[in-house]
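Values quoted throughout were computed directly from the atomic coordinates according to the rules given, and no laboratory measurement underlies them. Worth saying up front: this structure is predicted, and the values here are computed from it rather than measured. Note that each Cβ is placed from the backbone with ideal geometry, even for glycine, and that neighbours are counted across all protein chains shown.
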């Protein structure tokens, strides 16, 4: 998963609006490796300035890390069952620089020429979380429309529960006494803590045009994702009252259009891609992150 930045009236904080998680991008109901295991690395880059104005220093993308990197490891348990793990190499708002972000279990089945799969993913990370971990349940199918065209479909629902914290610059004391974020006198930095709970729904549909016997293809896909979160945030300081918490309701979504080429060979798969945000919905109040063009490549060694 990916975290993006958001600007509020008082601080610039990294909030868990998850737009770039590793699922639903290139996921298929067909097993794509032939040996006991496979290792896939995905590197992506979000260029600055594309489809967004930077005329104001309060842009929601201030401080955004444009590079995303994750590693996916698959292990074949049986003819119909795979065990997988995602390693996030770009860190998170909780301060990790390298960590296991998801463990997956995927069941495959072929029936009457159509491939089906059910995938369950759990987030085992304990930093900043409480209670039941994050979970993502997805259903996928792949069908051959002709000898040259195949189609992939995926839909899933995710339970989101994230704790996060970040050191942010101190700000002047609020004019309104009811403001929940209070500055510690004389401090230059303060610790912002928060928790986000809610749900996400993801769906993707891809058409793949085959151009060689190995299965290499050019693909075009559309992905829609939406979520609703309840976010609690509070400052921790020598004179800050932890009971004064700011609550924000986030409800929004994004529709993406992606295209690229998959080069299939027995020992590897190489896939450069481009993702463009087609439409985005966000709360009308406040400044929230803006989706932008994303370039990337995926390399699987199998």
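If R0 is taken as 41 Å, the Cβ-Cβ distance between residue 80 and residue 48 corresponds to a FRET efficiency of 0.40.
Going from the fewest other Cβ atoms within 10 Å to the most, the residues 153, 211 appear in the order 211, 153.
Taking 0.36 nm per residue of separation and subtracting the current Cα-Cα distance, fully stretching the chain between residue 147 and residue 295 would add 50.3 nm. Spacing of the modelled spin labels on residue 199 and residue 111, each 7 Å from Cα toward Cβ, amounts to 2.5 nm.
Ranked by how many other Cβ atoms sit within 10 Å of their own Cβ, fewest first, the residues 251, 298 fall in the order 251, 298.
Stretched out straight at 0.36 nm per residue, the stretch from residue 218 to residue 157 would grow longer than its current Cα-Cα span by 19.2 nm.
Note on residue 207 and residue 281: the model spin-label points, each 7 Å out from Cα along the C-beta direction, lie 2.6 nm apart.
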